[in-house]
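Take a look at the structure set out below.
The values are calculated or read from the model by the stated rules, or taken from the named source; none is laboratory data. It should be emphasised that the depicted structure is a prediction, and the values quoted were computed from it without experimental measurement. Every residue, glycine as well, gets a Cβ built from its backbone with ideal geometry; the counts of neighbours run over all protein chains shown. When the accessible area is computed, the model is the full protein with side chains, heavy atoms only, and any ligands, DNA or RNA have been set aside. Shrake-Rupley method; radii C 1.70, N 1.55, O 1.52, S 1.80 Å.
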Amino acid sequence: YADVFAEPPYGEDPAESARSFRERAVRYADEKPEFRMPLAWDGADVVGLALGTGAAEGDWWRDRVFEAVPDAVRREWLGEECFFIAELAVAVAYRRRGLARALMAEITADLPYKRAVLTCYRSASTTREFYAALGWRELVVGFQVGDSPALCLFGLSLPSLDPADR
């Protein structure tokens, strides 16, 4: 995780990034609904991960994004609750092998939500293209949360788990 987010356009300090990620993952696992963190392995080494949770009113991230995007996006995509993918990271040497695609499929499988959302940096053009290729819809381009860089919000409609809807 730390190595991936030290790369441009993120430029995070690896030691601080690793510490922050560990704390966030533990907190999310303890506090948030539907915590998921699939991992990709090469032997004993983690070479990729995705992290996501349910997000409802009162969630720090959801509420900040909710305030920053247009009302129509709020109603349709953030609503009362959604699933939020907070992180996706694959080590450089393992990219273009389908790991990120597999992690995204695993993290969104059989979710009890109608919608999943994620943000990425507007300047991360390859990342944006990847999400679009997976069927994610770019909903808002160029908004900010606090002093963040310009962000993009993506959304994915999820299949219903209710047998009556199938």
*Mind checking the dipole of the chain: about its Cα centre, +1 per Lys or Arg Cβ, -1 per Asp or Glu Cβ, Debye to the nearest 20?*
480
*Where does each of 147-157, 71-81 land if you order them by average Cβ count within 10 Å, highest first?*
147-157, 71-81
*Can you pull the percent of Cα pairs in region 77-134 with separation above 16 Å?*
49
*Compute the accessible area per residue over the chain, keeping the other protein chains in place, probe 1.4 Å, unit Å².*
55
*Contour minus Cα-Cα distance for Val46 and Ala29 (0.36 nm per residue)*: 4.3 nm
*Quick one: compute the contact order of region 90-166, relative version, from alpha carbon pairs under 8 angstrom and 6+ residues apart, as a percent.*
34
*Percent accessible area from carbon and sulfur atoms, region 63-166, protein chains only, probe 1.4 Å*: 48
_Which three extents, in angstrom, do the Cα atoms of the chain have along their principal axes, listed largest first?_
42, 39, 32
